[in-house]
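The next block holds one structure in the form of structure tokens; read it before the comments.
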Amino acid sequence: MAEKYTLEMEIKNHPPPKLKEDTMEEEKPPAGGYTVKINSYGWDQSDKFVKIYITLNGVQQLPAENVQIHFTERSFDLLVKNLNGKNYSMTFNNLLKPISVEGSSRKIKTDMILVLCRKKREEKWDCLTQVEKESKEKEKASYDTSDPGEGLMNLLKKMYAEGDDEMKRTINKAWVESREKQGKGDMPLDI
């Protein structure tokens with residue numbers, strides 16, 4: 001009987017466990033609802049800066065502290081809080097060349113954010129990220145051949161692989177007609 005009494009006392013003295021509804025109120029998302037990843041931008045460069053232009057309607061009406069940016073030597077993170085009920089983010093990792101964290105900044109313009117990445121060395125950038133550069137080099141290498149016919153074939157293969165059904169039909173039709181002409185002797189085999 002004494003054990004039953006002590007158990008009842010322990011149960012009464014413990015606070016009730018939190019229900020899921022209570023925990024949901026504590027774990028609210030950041031102000032502004034959900035976050036949208038920014039994929040659309042433009043960029044340019046001068047001798048000293050790489051400039052990234054991001055269009056966001058109404059961004060100039062936000063308080064300056066709602067537009068946050070964090071720079072590292074090879075990356076930056078942009079977060080725009082509570083713009084029209086949404087948060088917006090953009091992350092650039094593995095920039096092509098190092099930037100000066102202290103010399104980089106952002107400016108808020110009418111319907112636009114301008115991210116200014118200060119170059120450590122005054123040299124021309126061919127693209128923004130290392131991944132972009134490697135992708136361009138790989139694509140360029142597939143077309144750079146000593147045989148022009150091979151380069152043309154690689155181009156046609158790429159068009160066929162990336163094309164829609166209509167593009168594939170057109171390429172197939174041209175290929176068949178070319179082979180038929182070669183078979184009749186209208187066209188030499190080596191062009």
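Limited to the range 157-166, what total is found for residues that are surrounded by 13 or more Cβ atoms within 10 Å (Cβ to Cβ) and farther than 30 Å from LEU96 by Cβ? Adding up the residues that qualify gives 2.
Given the residues SER100, SER105, which is the only one that is of a type in the set (S, T, N, Q), open to solvent by less than 30 Å² (accessible area, probe 1.4 Å) and either in a helix (DSSP H, G or I) or over 30 Å from ILE171 (Cα atoms) (or both)?
Values: SER105 fails: open to solvent by less than 30 Å² (accessible area, probe 1.4 Å).
The match here is SER100.
Applying the condition of being outside any loop (DSSP other than H, G, I, E, B), among the polar types (S, T, N, Q) and modelled with pLDDT under 85 to the range 119-150 and asking which residue is surrounded by the most Cβ atoms within 10 Å (Cβ to Cβ) yields SER142.
The values are calculated or read from the model by the stated rules, or taken from the named source; none is laboratory data. Just so it is clear, the structure is predicted and the values come from calculations on it, not from any experiment. Quick reminder, even Gly has a Cβ in these numbers, built from the backbone with ideal geometry, and neighbours come from all protein chains shown. What goes into the accessible areas is simple: the full protein's heavy atoms, side chains included, and nothing from ligands, DNA or RNA. Shrake-Rupley method; radii C 1.70, N 1.55, O 1.52, S 1.80 Å.
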